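Okay, structure first, notes after.
The values are calculated or read from the model by the stated rules, or taken from the named source; none is laboratory data. Just so we're clear, the structure is a prediction, and the values are computed from it rather than from any experiment. Neighbour counts are summed over all protein chains in view; Cβ atoms, including those assigned to glycine, are modelled from backbone coordinates with ideal geometry. The area values use the complete protein model at the heavy-atom level, side chains included, leaving out ligands, DNA and RNA. Shrake-Rupley method; radii C 1.70, N 1.55, O 1.52, S 1.80 Å.
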Amino acid sequence: MRASGLVSEARRRGIRRGDLVLPALFGAFGTVEMVVQGYRPLAVALGTYWLAALVLCARRLAPLAMPLLVAGIYALTPVLGFDVSEPSSWILLPAVAFFAAGSMVPRSRAPLGLVSVLCALVIVFATLDWLTTFDPDIVFGVVWVIGPWMIGVAVRETLERNRELAIEAERARAEAERAAASAAAAERERI
């Protein structure tokens, strides 16, 4: 029963057309930056960047996996010969993955979301420290990871609270409607 519930939840939360917009915009931005700046090897740079952007399209289906998948692609890129510390656009894709882990993971699994983004931070820092010439700053890294995750959690909490308030308002409206109908029926009966 539990597994079938998870499958139906995944189907319900499937990839929507709107899930493609942000990765496509970031992909276009990164492409322009890498082409204009003349980064080499361009095929590796664009291939891994677009792969990470495309993975983000599934952030609604697997929000806990997004930080780790994007960080994994980030870590693979220098191994293939491109220095990920150069283009500024590479900072955007992991941030979206961190936000997804905060905003799309249910409240009961929020600690797992935090673990996912912290593991991704370790992967990114190890990549920058061992595979590039960039010296990562821990304060920036923590803000870059925890900031989007916390904003995502706040957005999720706000949306859940708004849903609860809408349900309460609808319930109150229905009760008021029933009370008015009952009062009108009582008044007709009295007359």
Averaging sequence separations of C-alpha pairs under 8 Å and six or more residues apart, then dividing by the length of the chain, give the relative contact order as a whole percent.
19
Once phi is turned into ³J(HN,Hα) by the Karplus curve 6.51 cos²θ - 1.76 cosθ + 1.60 with θ = phi - 60°, what whole-Hz value does each residue of segment 59-68 show in order, with x for glycine and proline?
5, 6, 6, 9, x, 5, 7, 4, x, 6
Compute a Gaussian network model of the chain, connecting alpha carbons closer than 10 Å, and tell me which residue from ASP137, ASP19, ASP129 fluctuates the most.
ASP137
Heavy-atom accessible area of the chain with neighbours in place, 1.4 angstrom probe: carbon+sulfur share in percent works out to 69
If unit charges are put on Cβ atoms (+1 for Lys and Arg, -1 for Asp and Glu) and the dipole of the chain is taken about its Cα centre, the option from ALA169, PHE134, GLY152 lying farthest towards the positive end turns out to be ALA169
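Please state, rounded to one decimal and in Å, the Kirkwood hydrodynamic radius that segment 24-87 gives when every pair of distinct Cα atoms enters the mean of 1/r.
12.0
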Segment 86-191 - accessible surface per residue (Å², probe 1.4 Å):
61
Overall dimensions of segment 60-121 as given by Cα atoms, namely Rg and Dmax in Å:
12.3, 40
Computed from the coordinates I sent, Rg and Dmax of the Cα atoms in Å equals one of (1) 16.5, 56; (2) 17.6, 60; (3) 23.2, 89. Tell me the label.
(3)
